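Accompanying notes for the structure given below.
The values are calculated or read from the model by the stated rules, or taken from the named source; none is laboratory data. As the structure is a prediction and not an experimental result, all values here were calculated from the model. Here the Cβ positions follow ideal geometry from the backbone for every residue, glycine too, while neighbour counts run over all protein chains shown.
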Amino acid sequence: MSVANPDIFKAYDIRGLYGSDIDAGLAESIGRAFVQVIAELEDKPSGELRLGLGRDMRLTATELADAYRKGMCDEGAAVFDAGEVGTEMLYYLVGSRELDGGLMCTASHNPQRYTGAKLVKRGAIALSGDAGIGDVRAKIEEGLGEAPGGGSVEQVTLYEEFQDAVVKFIDPEAVRPMRVVVDGGNGMAGPMVGPLLHRLGLDLVEAYFEPDGRFPDHEPNPLLPENREFIMREVVRQKADLGIAWDGDADRCFFIDEQGAFVDGDFLTGLLAESMLEKNPRATVLYDVRASWAVKDVAERAGGKALMNRVGHAFFKTRMREEHAVFGGEVSGHYYFHDFYCADSGTIPALLILELLSTRGKRMSELLEPYRSRYFISGEINSEVSDGEAKMEELAERYQDGEQYRLDGLSVEYEDWHFNVRPSNTEPLLRLTLESLRSNEDMERRREEVLAVIRS
């Protein structure tokens with residue numbers, strides 16, 4: 001069969017509009033194709049595969065998860081169905097049961113009309129556009145053949161087991177009483193993380209903590225400033241110690257300090273690296289090519305090692321295994337933990353930051369002051385370009401006196417400033433991140449200089 005919109009097969013997941021891009025019929029085909037791809041990766045018959053399945057709270061998730069499950073069973077797989085869960089709980093299911101892979105029916109942080117799937121192989125390692133997702137598309141378009149049938153379904157209950165597993169990342173007794181505003185975005189954070197936070201004895205101010213696929217209050221994407229305005233105001237109004245917001249499938253969390261200021265992912269990666277290196281002295285951590293130098297400085301001060309990595313969870317999960325890294329962080333809010341099957345979690349960072357605030361006896365803004373006063377970051381800035389590769393070559397020529405890397409896009413480093421430009425996987429965009437160690441004014445001046453080259 002032909003796929004109505006092949007653009008739904010993206011770099012890290014499958015995602016599109018319900019009905020026009022993805023319907024139950026296509027979901028069933030995706031389920032079958034996924035089993036065929038995993039069978040090839042595992043080099044075993046599809047009838048011997050054990051696969052996990054989960055779904056989020058979207059209004060269409062039950063219908064589509066049923067279709068994915070039917071496709072997986074029709075292809076002969078044994079499906080362990082966790083029902084309505086956060087995405088990291090599907091990762092936990094695949095890792096803890098040593099399954100051959102898993103499918104999460106979710107559109108993550110996207111608006112209500114979207115649906116999709118995140119696909120992982122053994123070890124909860126994500127399939128990507130380069131490795132696996134393109135194969136799913138190709139199999140559907142080539143024709144899936146006659147379904148062998150013979151699959152089975154087992155319902156599994158994960159919440160209590162998952163919560164007991166992740167709380168072991170901290171000493172619960174160390175967490176002091178504090179007031180925390182939590183914004184679940186009407187996603188999966190409420191049922192997944194809420195019970196743990198209550199167990200810690202926190203004074204919780206809960207907002208949008210009930211899963212509701214209509215998203216009546218705001219879209220479940222805290223990276224967009226308009227979606228975090230509420231929690232920033234509420235932290236100040238409630239005189240809270242901290243604010244935590246999650247995206248729709250709750251595998252990413254974002255923090256607001258007690259003054260109502262958003263915590264940049266670069267600096268949160270640094271704080272989490274501090275915490276994990278205290279627990280694992282001289283360990284290795286990963287950070288993405290966009291991140292502040294704060295992360296490598298933190299690691300070196302702690303006697304550890306920090307390695308720069310390509311953006312994308314498939315690349316992080318694989319490299320963490322290769323390097324035996326205890327932690328990896330992306331500035332977009334994905335935080336990975338070796339002892340959580342190298343998977344990303346929106347629960348573990350919340351626990352670690354609560355513990356760090358308690359053991360250090362400081363407020364969040366005080367923990368962040370050494371970062372904010374020394375590292376001046378631009379954030380990610382998008383520019384529309386007709387030929388991204390040509391622009392990167394122009395930048396490489398313009399800044400040839402700097403040290404250059406091609407790990408992911410183009411990175412250029414000088415003694416006291418650096419930048420990275422990466423092409424978008426899906427749009428005609430170049431994404432710039434830049435940092436200066438001199439001053440905010442120096443960062444802004446250099447940012448405008450690089451942007452002038454990109455946009456000329």
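Brief remarks follow.
- Failed condition for Leu202, given (1) within 20 Å of Val166 (Cβ to Cβ); (2) surrounded by 23 or more Cβ atoms within 10 Å (Cβ to Cβ); (3) more than 21 Å from the chain's Cα centre (by Cα); (4) hydrophobic (A, V, I, L, M, F, W, C): (2)
- The residue of the range 406-426 that is surrounded by the most Cβ atoms within 10 Å (Cβ to Cβ), among those that are touching a residue at least 12 places away in the same chain (Cβ under 8 Å) and outside any strand (DSSP E or B), is Gly409.
- Subset of the range 380-397 [loosely packed, with under 14 Cβ neighbours inside 10 Å and not in a strand (DSSP E or B)]: Ser386, Asp387, Glu389, Ala390, Glu393, Glu397
- Residue within the range 209-226 that is assigned to a helix (DSSP H, G or I) and either surrounded by fewer than 17 Cβ atoms within 10 Å (Cβ to Cβ) or modelled with pLDDT under 95 (or both) present: yes
- Condition check for Arg282: farther than 21 Å from Val412 by Cα, surrounded by fewer than 20 Cβ atoms within 10 Å (Cβ to Cβ) and in contact with a Lys or Arg (Cβ under 9 Å, 6 or more places away or on another chain): yes
- Listing of strands (runs of 3 or more DSSP E) fully contained in the range 101-169 that carry 2 or more residues being buried (at least 19 other Cβ atoms within 10 Å of the Cβ): 101-105, 114-121
- Identity of the residue in the range 17-53, in contact with a Ser or Thr (Cβ under 7 Å, 6 or more places away or on another chain) and assigned to a strand (DSSP E or B), that ends up surrounded by the fewest Cβ atoms within 10 Å (Cβ to Cβ): Tyr18
- Contacts under 7 angstrom Cβ, first residue in the range 144-156 being within 27 Å of Glu84 (Cβ to Cβ), partner at pLDDT 95 or above and among the basic types (Lys, Arg), 6 or more apart: Ala147/Arg32; Val153/Arg69
- Of all residues in the range 235-248, those being touching a Pro at 6+ places or on another chain (Cβ under 8 Å) and not in a strand (DSSP E or B) number 2.
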